[in-house]
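The values are calculated or read from the model by the stated rules, or taken from the named source; none is laboratory data. This is a predicted model, so every value here is computed, not measured. Because the Cβ atoms are built from the backbone with ideal geometry, glycine has one as well, and the counts that use them run over all protein chains shown. Surface accessibility is based on the protein's heavy atoms, side chains included, excluding ligands, DNA and RNA. Shrake-Rupley method; radii C 1.70, N 1.55, O 1.52, S 1.80 Å.
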Amino acid sequence: MQTRIGSVGSLEEGKDPVITTRTSQSKTLPLRALQLFGFFLALCIGFSIISIYTIRRFGIYSTVTTVKSTFVPCAEEPNSLDHWRKPPSSLLHSMSDKELLWRASFVPRIKKYPFNRLPKIAFMFLTKGPLPLAPLWERFFKGHEGLYSVYIHSLPSFKAEFPSSSVFYRRQIPSQVAEWGRMSMCDAERRLLANALLDISNEWFILLSESCIPLYNFSVVYQYIMKSKHSFMGAFDDPGPFGRGRYNYNMVPEVNISKWRKGSQWFEVNRKLAINIVEDVTYYPKFEQFCRPACYVDEHYFPTMLTIQTPNLLANRSITWVDWSRGGPHPGTFGRSDITEDFFKRILEGHQCRYNDQPSSICFLFARKFAPSAMEPLLQIAQKVLGF
């Protein structure tokens, strides 16, 4: 019994030390935690005091509070008025013709612009490649920045190399091959109009070739176009074989022979008529299918369509002089030996036309066709004869 009691007693005694040890450890841990907490608290208070002193001493807070973010979300850009008011930063784009014509047909319903709009003339050059008369045009445009825009439709393979100071620098639009007398030529003209319409400040649109020259200085041209009540597109009824003789009766009912018109390829139209041309889906299919050589569509499509839609807005004449006196399918071409004062007198004088329903002796603002060899004498005579 004593042995068993002793063994029980020894087991009881064996538990006592364990209990005592755990109790002492549990008392030690909170003490260390409190010490650690106190250390960090003192550290934080010290850091706060140093920070407050530094800010007050050196004014660091002013640097922090004046920092402004320069980040502008891309999604906000189209919501700015500048997105619609300013011309595209680059003429290069990836739109198809269908997409381009759709985009160019946008028209604001409110006629009054909510900004100071300075109307411009879009000079649209339809070329095969180089612009050999570019130096003359550079002189014509000089000093009139903000009143004009330039667009070039050339063969897709042509790479222009104008200097950055040139008015023609990076003014080529995405283009396609255009064949004379075929619908691809009208496609090129619509493409030029559509690209020019993307600049909402362009109010008038003049189609020119690489062989065209101006006959007056820029101020005269701008005032003449701006003050006109009409757009200058030839649209006359030719009863002969080269007029009505080209009409195809499959074009009815959209186009009746009584409305069939013929005119020069080189025109000037205002913004309203330019939009009419690019948005057309009614007459285009008829002309594409039923006006093929010997029906030259670039002489009939626009004059006929606009005669049907807005005859009262057409002057029914072109402002680009050409010489058909030599005969043949193309007008005469003039080179170095042709450029004289008498030659320009023949162009500028002796003409009578209607301007704003009144008689006028100023009938042409441009002329063609001039060969590259005419460039040097044109520059020499321009100041005296052409006024620039």
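Are any residues in the range 129-168 touching a residue at least 40 places away in the same chain (Cβ under 8 Å), within 20 Å of the chain's Cα centre (by Cα) and under 22 Å from S264 (Cα atoms), and if so, which ones?
Scanning the range 129-168 gives a single hit, Y151.
Has the range 352-370 got at least one residue that is more than 30 Å from W260 (Cα to Cα), open to solvent by less than 40 Å² (accessible area, probe 1.4 Å) and in a helix (DSSP H, G or I)?
Looking for residues that are more than 30 Å from W260 (Cα to Cα), open to solvent by less than 40 Å² (accessible area, probe 1.4 Å) and in a helix (DSSP H, G or I), one finds none in the range 352-370, hence no.
Scan the range 199-210 and give yes if some residue there is among the aromatic types (F, W, Y) and surrounded by fewer than 18 Cβ atoms within 10 Å (Cβ to Cβ), otherwise no.
no
For V177, only one of the following conditions fails: (1) more than 30 Å from Y224 (Cβ to Cβ); (2) within 13 Å of the chain's Cα centre (by Cα). What is its number?
With (1) more than 30 Å from Y224 (Cβ to Cβ); (2) within 13 Å of the chain's Cα centre (by Cα) applied to V177, the lone miss is (2).
Taking the range 297-330 only, how many residues are aromatic (F, W, Y), touching a helix residue (DSSP H, G or I) at 6+ places or on another chain (Cβ under 9 Å) and not in a helix (DSSP H, G or I)?
1
In the range 277-296, what count of residues is obtained for those that are more than 24 Å from F364 (Cα to Cα) and in a helix (DSSP H, G or I)?
Of the residues in the range 277-296, 9 are more than 24 Å from F364 (Cα to Cα) and in a helix (DSSP H, G or I).
On the basis of being open to solvent by 40 Å² or more (accessible area, probe 1.4 Å), closer than 22 Å to K369 by Cα and either without any contact (Cβ under 8 Å) to a residue 40 or more places away in the chain or among the basic types (K, R) (or both), does R171 make the cut?
So R171 does not fit the description; no.
So which residues in the range 98-120 are closer than 26 Å to V281 by Cα and open to solvent by less than 50 Å² (accessible area, probe 1.4 Å), if there are any at all?
Scanning the range 98-120 gives L100, L101, A104, S105.
Within the range 212-230, which residues are assigned to a loop (DSSP other than H, G, I, E, B) and either among the acidic types (D, E) or under 24 Å from the mean Cα position of the chain (by Cα) (or both)?
Passing the criteria: only C212.
Among the residues of the range 158-176, count how many are at pLDDT 95 or above and out of contact with any Leu (no Cβ under 8 Å at 6 or more places or on another chain).
Of the residues in that region, 9 qualify.
Rundown of residues vs (1) in contact (Cβ under 8 Å) with a residue 24 or more places away in the chain; (2) within 27 Å of L365 (Cβ to Cβ); (3) open to solvent by less than 40 Å² (accessible area, probe 1.4 Å), yes/no style:
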{"site": "Y249", "(1), (2), (3)": "no, no, no"}
{"site": "N256", "(1), (2), (3)": "no, no, no"}
{"site": "K272", "(1), (2), (3)": "yes, yes, no"}
{"site": "G335", "(1), (2), (3)": "yes, yes, yes"}
{"site": "D342", "(1), (2), (3)": "no, yes, no"}
